[in-house]
Structure formats: C-alpha cells, structure tokens
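Below is one structure; the comments refer to it alone.
The values are calculated or read from the model by the stated rules, or taken from the named source; none is laboratory data. Note that the coordinates shown come from a computational prediction; the quantities given were computed from them, not determined experimentally. Every residue, glycine among them, receives a Cβ derived from its backbone with ideal geometry; neighbour counts consider all protein chains shown.
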Amino acid sequence: MNKQVAIELKGISKHFGSIQANRNVDLTVYRGEILSILGENGSGKTTLMNMIAGIYYPDAGEIFIDGKPVAIQSPKDAFDHKIGMIHQHFKLIDVFNATENIVLGIEDGGKYNLAKAEEAVREITEKYGFEINPQKKIYDMAVSEKQTVEILKVLYRGADILILDEPTAVLTPQEIKKLFNVLRAMRADGKSIIIITHKLNEVMEISDRVAVLRKGEHIGTVETKDTTEQQLTEMMVGRKIVLNIDRTQVENPADRLLVVDLNCTNQEGAKVLDHISFTARSGEILGIAGIAGSGQRELLEAIAGLQPLDSGEIVFIRPKKNLPVSFYHKTLKEVKHLAAEGKFHYEDGTPVDLSGKKNGEIKKLVNDGKILFNEDEVMSLRDKTPLQIRELGVRLSFVPEDRLGMGLVGNMDLIDNMMLRSYRKGNSILVNRKPPETLADQIVKSLEVVTPDLHTPVRKLSGGNVQKVLVGREISSAPKVLMAAYPVRGLDINSSYLIYNLLNKQKEDGTAVIFVGEDLDVLLGLCDRILVLCGGKVSGVVDARSATKEEIGLLMTKSKQTTEQEVSAHE
Amino acid sequence: MGTFAAFFSRAIMQGTPLLFGAVGEIITEKSGNLNLGIPGIMYIGAISGVIGAFFYEQSDYYIPAIGVVIALLSCLLGSLLASLIYCFLTITLRANQNVTGLALTTFGVGFGNFFGGSLIKVTKSEVPYLSLAETGSAFSATTPLAGLGWFGKMFFSYGFMVYLAILLAVLASIFLNRTRAGLHLRAVGENPATADAAGINVTKHKYFATCAGGMIAGLGGLYFVMDYMGGIWANDGFGDRGWLAIAIVIFALWKPVLAIPASYLFGALYILFNYLSLPMSMIPIFQMLPYVVTILALLITSIRNNREKQPPAALGLSYFREDR
C-alpha cells in the first residue's frame, strides 16, 4: 500500500502543574487508515489528541501536517488544517437542532442559509450511511444520535483527520457496529481516523495500527494484524497481567436481601419495574444484565430508598444471630420491647428478662455487649429513610454516566469526599479529619489513583480516577450489601481488574454483592448468578458457571421480541 | 376613549425605557453575562447624555438636531465605558458577575447623582433639578400625525426614541435568530466550551454583546430624561426602572420581540394606580404589580419546564478554556 503521511508529531510534551501529561511523544498517522491510541486512564491519550485539536498547546515539540510544521493554537486552527475531534463529552448546544450545531462556528463568508446547510448535511449522511434527522433538537436525542451530530460536524467542515475520544463507551453493541461501518466507509474515502480507546476487542476489530501510551510516553506503535491482546496489554500496563478473573466458590450463602414483587412507575407514567422478585445472598456476587435502561438504575435506587415504589416489599435480613445488640441502631425503648418479646439471650444461653430492671442497668448490659440476639433480624427497608438504610450496611456505589453527579462533590478534595460518609460520626461539634485522611490515603495507594495530592479537587482528576475514589470509599465501609452499577465503565484494564478483585474480596468477607454490568464476558466470569432484566421485568436468572453469552443475550431481548410480536399481531 | 388613550400613551412612555433596558439585557444575557449593572449603566447613559447636551446648550448657535445627536453620542459613549468596566472585570479577570453587576449599579447611581448634583450647582438653580428644555423638546418632537384625535394620541404622539426602541427590539430578534453571528452569540451563552471548540471567539462575543447591550440600555436612561421628563434631570429620578427591565427579560423569556408587549404591560402596571381612584394606602399594592407578575411568570415557566424557555444555560458563569 502506498502510504502517505497525514500528520506527524515530534517530541511533544505537555504538563499541567506538577503532572507531566505527555513526555516526548512521536507519532505518525497515515492517510486512509484507522489508528487506535491505547492506554490506561491518565496515560495522556486525550491530552495528546487535544493538542492536535487545538484545545491545549504543547510545551515542547512540533506538529507536521503534510510535511510542513504547523502551530495549532486554537480549535479554529485545527479546522483550517482539516482536523476534527469528537470529544468524549459531547460539545453540543442542547437547545439547537442538529444543523445549527453542525454549522456553528463556520465563517465561510457565504450567506447564512440553514436550509442549504441542511441539504449538505443530508448529502454527507447518505454518503457514509448515517441515520439522523437534521432538524431534531439535541435535547431530544439519544446518545448515539448526539455522537452522529458530532461526527457530522467535523465532516461538514471537510475534516480529513478525525479524532474520536472513546466513541464506543456510550454505545450499545448494535450502535457500535453501525459506527464501525461508518468509520470503514470514511477510511475507504481516504480519511485518517484516530480512535482513543481502551477496549482491546474493538482495537483488534477496527484499527489498522495501534499506538500505545503509558504514563504520558509513547511506548510503541504496532500493526494490528501482527499483535495480540496480551501483547497490547503488556505494552499498556508495562508488566504482565493475567486477563482472568478469579472466581471463588460461594461459602455458606445465607439470604441477605429479599426483593418481592416490586413495581415502579416513572414520572412519565411508564412502568420501569414490573413484578421484580429475587434474592441476594451473602458471600455471592449476583450479576444484573440487561440492555441499558431496562430498570437497573431504578431497581438499585429502590433498594437504597431513593426511588418511590408503587408496590412490593424489600426485606433485609440483618446478620445478628448471637451478636450483641447496641444502641447504635436501637433505642432503649426498642431494646426493652424486643426483650419483652423474648428476642434476646445472654452469653450462656439463658433468655433475657429485663422486666423490673432499671434503665441504668439495662444500658450497662447493652454497652458491655452482654445481650445477644437469638436470630437474625428481619426488617423491611421500605419504611426506612435512605440514611437508615445506609446505616444498616446496604451500600449503593452507583456509578452513572455522570460520575460526579451522584456520590462525589467535584469541588471538594479527596479527604472531604471521604468525609461525606463519616461526618455524622463522633460526638464533638468539630469533625475529626484524621480518619478520612487516612482512608483517602489508603484508597489512593491501594487503587493507584493518579492525583497530585489528597487536597486536589476531585473534578480535576481524570474520569477513571474519580471512579476509583468513589468505589473505594463505598467498599471501605464494610457493607452487608454492596450494589455497584457499572463500576468499571470508562476504566482501563488494570483498574477494572482492581475493582473486580475488590468485589471478590467483599464476596469472601460475606457481603452480598449486586453487580450491574454491561460486558457479558465480565458478568459471566465474575458473578455466581446472573439476573437478566428486560424492559423492567426479570426475564431469567441463570447460573453464571454454566450459562453462555448467547443464552443471556437472548434473555436480554426476549420479552421485547414477544411484545413486538404481540403488537404486530394486534395490527 | 379619551381617558383610555391618555392611559395607553402614558403606558407606552413608561414602558419605553424598560424596553431599551430589557433588549440590552437580553442581548447581554444571550452571551452568558448576567449584567446586574444594567440599572447603573442606564443612570450613567442618562447623565452622560445630559452632560453632553448641557455643554452644547451653552453654545451660541444651538441647532436642535445637533443637540439630539450630541446627547445620543455622549450617552452611548458613557454606557460603553461603563459596560467595558463590567466586561473587563467579569470576562478578562473572571470576577463574579453578580457582585460586579451590583457594584456597577451602585456606582452608576452614585455617578449620575454626583455629576447631576454638580451640574445643578453650576447653574445656581433654585430648585433641585436641571432643565435642558431645548434638547428635551427636540427629543419629544412629534409629527403632525399626532393631531389625529385619539388615534394620533395613541400611536403618533411620541418622540422618535419610542419607535427606535421597537425597531431595536425587532432588529435584536432578527440578529439573534436569523444571522450567523446571532447563532454564535447564543452558542456562547449556552455552552462556551462548545462554542470555543467550534472555533468561536468566546471573549470577543461576550465583550461585543455586553457592550452593545449596555449601550442600548443606556439609551433607555436618556429617553427617560430627555423625552419622558422633557429634558429635566433630577437626582434619583430614574428610580427602580432598571430592575424592572431585568424582570422583563425573565418575563419575556429572553425573546426581544416579546419584550415589546411585556415592557408596555409593565409600564401600564407601573402607572395603573394613577388611573384608579384609590386611597393612598392602596397605592403601594398596585405598585407591586409588575414584580408580582414577574414572580408568576417565573413560576409558570419553571413548572412547564420547557427547554426552549429557559435562560441561557451558561448564564452567570465565567469561562476559562483550560479549566477542567
């Protein structure tokens, strides 16, 4: 193949404060190829691409386009050199329609004519096979449509070099397939496409060459056909890592959480949870699979007390058998009441009778840990506040698309974010900052969070690091039930395995883990049982040790097909 | 009919300074700048025009048309300088917009009163106001059409600035919705990072919109002194009209054309108590009406939560490209 260089980087370096984001990077991109930029979180992939797109300016080094050195000082300069970047966080104006967003920023001196622009947009969509309505407002669009608008935006400007920052992170498998077809059509048209990603299977599927970055440095570029996933992983991480998830046997499972016939309607009046029932057991990881938006979020929020329910019951079985009662969860009155019902015994096995005892005596007995429960406590979570549910040890480490939206406060530093979960502890009116500081330090060390120090506002960390902080904090509180939704979304391989190991550790410690995931390979490798949701219904519960991907995939879409059939039958 | 025509024309005249202020503030806010200094800028615009007109009136050869032009130019210059203070602080230095705006309003009122008071001293006037009768009458000159009975009274009995305000509102609407520059300006106010990534110069657009908006608002102050008051400056005479203009921006859902009826409605509500035979104690309740209407408008738009009827998404936020 006759290769023509499109863009060449020589000795590019960039630092932010004390963090060196890129060091002495050389990179060449050819015309008519798809190049993957592979690297862990914080390895400087996005920063490097931002320098080509004019968002940042390099501290040192040169960029050559068609052999000539250029200075790309602003996104406008990048457009002038026919470079377009599709950012991970879409840069679109919500209240504008697709066409208005596409023509935004173009000063071609011609007359401002939206109708003509719309026609040009339609031409491009037909040429490469996009599906989009140019008049649709962005706030009405699904994520994949927004991405299409982003790509159209750079194509409309006549870009020859397209940079896509983690384009598949937000797409369903079907949408990814469509995107890849479009990318192949563009490659055939002679365009250079750079994809930032850390999904190895996609790298292998779509790219011609792979450039690997580690800690801001360019480790090497290889031809995709000459390499393997294992080799790429080693280049990325810098050491051998095993791409297998250990799964231990379930030991002494006990029912921990019973969900019985949950029903829930959302604000738009659509039924999002439809007669959901299941049991989560201690020492077991229960996976939840399903197409995005099948009710995963509502289900977890319902258990955490954040989602109003129409009907149903959530029963929490608190492991208290032969353990002492404390005033942490029970008032004196409740202790007396339970004792009168004969729920307690002393260490020697004799039943507790508190009648006739003074309050002071009872308090002393409880505080000394002399009064023990006969059985595990059974309680309904529906009459508890979210705070009470948390206090009982039911933890939700929800990691939605917007990582900072739930769980962390962007402008606060790591220590303060740890304190969000502990500020109620202690009796002094001043909070004790020492324990959260220790905890933050532990998390940074054990999860390898890349941060200048513990006092950095969380919003300044890269996405993956933010996620590690969030998951680390939730796991640190020794929960009884741990719910993790998409805890590895956006994380690189190394960090993902760290999180899997953490979840496994929780399982061994007897926690009931509920893991909502999107990658079926991971679900099958990590979980013990998998509950499949489809359109708010449980379409099946399978044993993860014997189930196949196809089986789960079928369950994920099962009821949808039947409803479609029903609809067509009615017509 | 006579009373209604009188009420109608007073309402239009009351509404006109509000319309200038509201159109100016809408253009400013579309760039993401919440300029609470508008009331102050209207004061500064008014006193600047008064100063220009005052010195020209001292000359021996007074030509009314030139007096009008001088008053307009000095008003625009004064408002521009005041807007530049706001721009430099909030855009270049990224100071807090609310604090800067409120400070500018306090400054503007004081600025107006200081120079207004000084001019009154200079004229050795017996009464606490300054009269620029000649320039004033040039501003409020009407065409013969004003004599057409109640019809003329309602639609043709105003000075040229009343029509200028309507024209500016319509032009602002066309600019924002039908031109490329308007699209870019709205993009800056909705999401400056996106606009920046699209190659739009955010700083330039913010400066332009804030200065143009401030100059339009300043004209409202000038209209009040020269036409509505007939060329008479009194300290604190402009009152709280600047704040009403900002309320109209919300009421008109950031649409300049809607600001036209909204301003006249507010003008009518502002003077309604004069046309009802009310006991003195009831008057403040009626003076409250424009604000009550604004709160109701806010309530209704918030409940309906239509994405098209919300303030610019980045309103009140300063923009710094490398801030992550």
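So here's what we get for this one:
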item	result
Selection status of A:Val121, assigned to a helix (DSSP H, G or I), touching a strand residue (DSSP E or B) at 6+ places or on another chain (Cβ under 6 Å) and either assigned by TED's automatic domain parsing to the domain that holds A:Lys14 or among the β-branched types (Val, Ile, Thr) (or both)	no
Per-region count, the stretch B:159-179, residues more than 25 Å from B:Gly231 (Cα to Cα) and assigned to a helix (DSSP H, G or I)	9
The stretch A:473-504 - residue that is of a type in the set (A, V, I, L, M, F, W, C) and over 16 Å from the mean Cα position of the chain (by Cα) and, of those, farthest from A:Thr438 (Cα to Cα)	A:Val481
Contacts under 9 angstrom Cβ, first residue in the stretch B:289-305 being closer than 14 Å to B:Ile248 by Cβ, partner part of a helix (DSSP H, G or I) and among the charged types (D, E, K, R), 6 or more apart	B:Thr301/B:Lys309
Breaking point among (1) more than 27 Å from B:Leu176 (Cβ to Cβ); (2) in a helix (DSSP H, G or I); (3) within 14 Å of chain B (Cβ to nearest Cβ), for A:Lys178	(3)
Every residue from the stretch A:430-460 that is among the hydroxyl-bearing types (Ser, Thr, Tyr) and within 14 Å of another protein chain (Cβ to nearest Cβ)	A:Thr451, A:Thr456
Criterion violated by A:Pro457 - all others in (1) crowded, with 18+ Cβ neighbours inside 10 Å; (2) farther than 16 Å from A:Gln442 by Cβ; (3) over 14 Å from the mean Cα position of the chain (by Cα) satisfied	(1)
Given (1) touching a residue at least 24 places away in the same chain (Cβ under 8 Å); (2) within 14 Å of another protein chain (Cβ to nearest Cβ); (3) not in a loop (DSSP other than H, G, I, E, B), index of the condition A:Ile93 fails	(3)
Among the candidates B:Tyr56, B:Tyr61, residue that is surrounded by fewer than 24 Cβ atoms within 10 Å (Cβ to Cβ), part of a helix (DSSP H, G or I) and not hydrophobic (A, V, I, L, M, F, W, C)	B:Tyr56
Residue ID - farthest from A:Ala159 (Cα to Cα), chosen from residues in the stretch A:96-116 that are small (Gly, Ala, Ser) and either surrounded by fewer than 18 Cβ atoms within 10 Å (Cβ to Cβ) or facing chain B (nearest Cβ under 10 Å) (or both)	A:Ala115
Of all residues in the stretch B:266-302 being small (Gly, Ala, Ser) and touching a helix residue (DSSP H, G or I) at 6+ places or on another chain (Cβ under 6 Å), the one that is nearest to the other protein chains (Cβ to nearest Cβ)	B:Ala297
Residue count, the stretch A:77-89 (criterion: within 11 Å of chain B (Cβ to nearest Cβ) and surrounded by 19 or more Cβ atoms within 10 Å (Cβ to Cβ))	6
Hey, B:Tyr56 among the hydroxyl-bearing types (Ser, Thr, Tyr) and in contact with an Asp or Glu (Cβ under 7 Å, 6 or more places away or on another chain) or not	no
Residue in the stretch B:139-155 that is under 20 Å from the mean Cα position of the chain (by Cα) and part of a helix (DSSP H, G or I) present	yes
Matching residues in the stretch A:126-175 - criterion: being closer than 23 Å to A:Met556 by Cα and either within 14 Å of another protein chain (Cβ to nearest Cβ) or not β-branched (Val, Ile, Thr) (or both)	A:Ala142, A:Ser144, A:Glu145, A:Ala169, A:Leu171, A:Pro173, A:Gln174, A:Glu175
Qualifying position, being over 14 Å from the mean Cα position of the chain (by Cα) and more than 12 Å from chain A (Cβ to nearest Cβ), among B:Leu176, B:Leu168, B:Leu219, B:Leu185	B:Leu176
Restricting the stretch B:303-324 to residues that are part of a helix (DSSP H, G or I) and surrounded by 11 or more Cβ atoms within 10 Å (Cβ to Cβ), the residue that is nearest to the other protein chains (Cβ to nearest Cβ)	B:Arg307
Any hit, the stretch B:81-94, residues being surrounded by fewer than 24 Cβ atoms within 10 Å (Cβ to Cβ) and of a type in the set (Gly, Ala, Ser)	no
Options B:Val249, B:Val202: the member that is of a type in the set (A, V, I, L, M) and within 14 Å of another protein chain (Cβ to nearest Cβ)	B:Val202
Test: residue in the stretch A:185-194 that is out of contact with any strand residue (DSSP E or B) (no Cβ under 8 Å at 6 or more places or on another chain), in contact (Cβ under 8 Å) with a residue 12 or more places away in the chain and under 18 Å from A:Gln147 (Cα atoms)	yes
Residue list for the stretch A:40-69, restricted to those being surrounded by fewer than 17 Cβ atoms within 10 Å (Cβ to Cβ) and more than 10 Å from chain B (Cβ to nearest Cβ)	A:Asp59, A:Ala60, A:Glu62, A:Phe64, A:Asp66, A:Gly67, A:Lys68, A:Pro69
Options B:Leu185, B:Leu176, B:Leu168; residue that is touching a His at 6+ places or on another chain (Cβ under 8 Å) and surrounded by 18 or more Cβ atoms within 10 Å (Cβ to Cβ)	B:Leu185
Given (1) modelled with pLDDT of 85 or more; (2) under 20 Å from A:Ala169 (Cβ atoms); (3) of a type outside the set (D, E, K, R), number of the condition A:Gly464 does not satisfy	(1)
Any chance B:Asn98 is under 30 Å from B:Pro261 (Cβ atoms) and either among the charged types (D, E, K, R) or not in a helix (DSSP H, G or I) (or both)	no
